[in-house]
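**Q** The structure is given below, and queries will be raised subsequently.
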Amino acid sequence: MLKKITFLFLLVPIFVFGQVKDYQLGSPGVLKGTRYGAYYDYSDQEAVNILVSVWGWVKYPGKYKVPDYTSVAELISYAGGPTDDSDLEHLRIYRIDENNKQKMIMFDYNDLMWEDQLEYRHRRVPSLKPADVLIVPGTPRLYFRDWFSIGLSVFSALIQLTILILNIKK
């Protein structure tokens, strides 16, 4: 009888707390810390305004209505800047040209910061055009607290498995 109670004591928390909840796509709370795109208006009434998008590892991704004289560095600044997980060496702008062909322009964040001091012609920072999509790539990084949490989870699972095996052998 004691073995059955111990067995149930070990399995009930796994079934109760280990269940994956069913979320609807696009609902808030799917991933903690995830930000969804929005529409931001930084337009200037005295200038021609264009609609561009910023997606990827920035603080506030979404569509931006900005003056046509806005630089890429200013657009990244409007988007709240890059996050810790962003890869600033492979920024991309996707643009549709006059022939309806998609064109990708790759550049480096250092090119944005030192644009006036660039010596090479092929390392020119592009200007923004209407309907451009700026992509800031990145990958999630695991910090000490993340590794500690993963290690603790694995360690506790191994302890539970060991206790279960010992109880079954008795």
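All of the numbers you see were taken from the coordinates with simple rules; none came from a lab. Predicted model only: the values in this text are computed from it and were never measured. Backbone-built Cβ (ideal geometry, glycine too); neighbour counts: all protein chains shown.
**Q** Quick check: from the Cα gyration tensor, does the range 33-139 come out rounded (a/c under 1.5), prolate or oblate? Working shown, then result.
**A** Working: a/c = 1.36, a/b = 1.05, b/c = 1.30.
Verdict is rounded for the range 33-139.
**Q** Cross-link list LYS63/LYS129; LYS65/LYS101; LYS59/LYS103: which exceed 20 angstrom alpha carbon to alpha carbon? Please report the intermediate quantities before stating the final value.
**A** On the way: LYS63/LYS129 14 Å; LYS65/LYS101 23 Å; LYS59/LYS103 25 Å.
The answer is LYS65/LYS101; LYS59/LYS103.
**Q** Further question: Determine the gain in length on full extension of the stretch ASN100-ILE163; use 0.36 nm per residue of separation and subtract their C-alpha separation, reporting nm with one decimal.
**A** Numbers: separation 63, 0.36 × 63 = 22.68 nm, distance 6.40 nm.
That pair, ASN100 and ILE163, stretches by 16.3 nm at full extension.
**Q** Exposure proxy check: LEU128, LEU142 ranked by fewest other beta carbons within 10 Å?
**A** Details: LEU128 21, LEU142 10.
Listed from fewest to most nearby Cβ atoms, that is LEU142, LEU128.
**Q** Which of TYR69, TYR109 has the fewest other C-beta atoms within 10 Å, and how do the rest follow up to the most? Could you put the intermediate results ahead of the total?
**A** Details: TYR69 12, TYR109 19.
Ranked by crowding around the Cβ, least crowded first: TYR69, TYR109.
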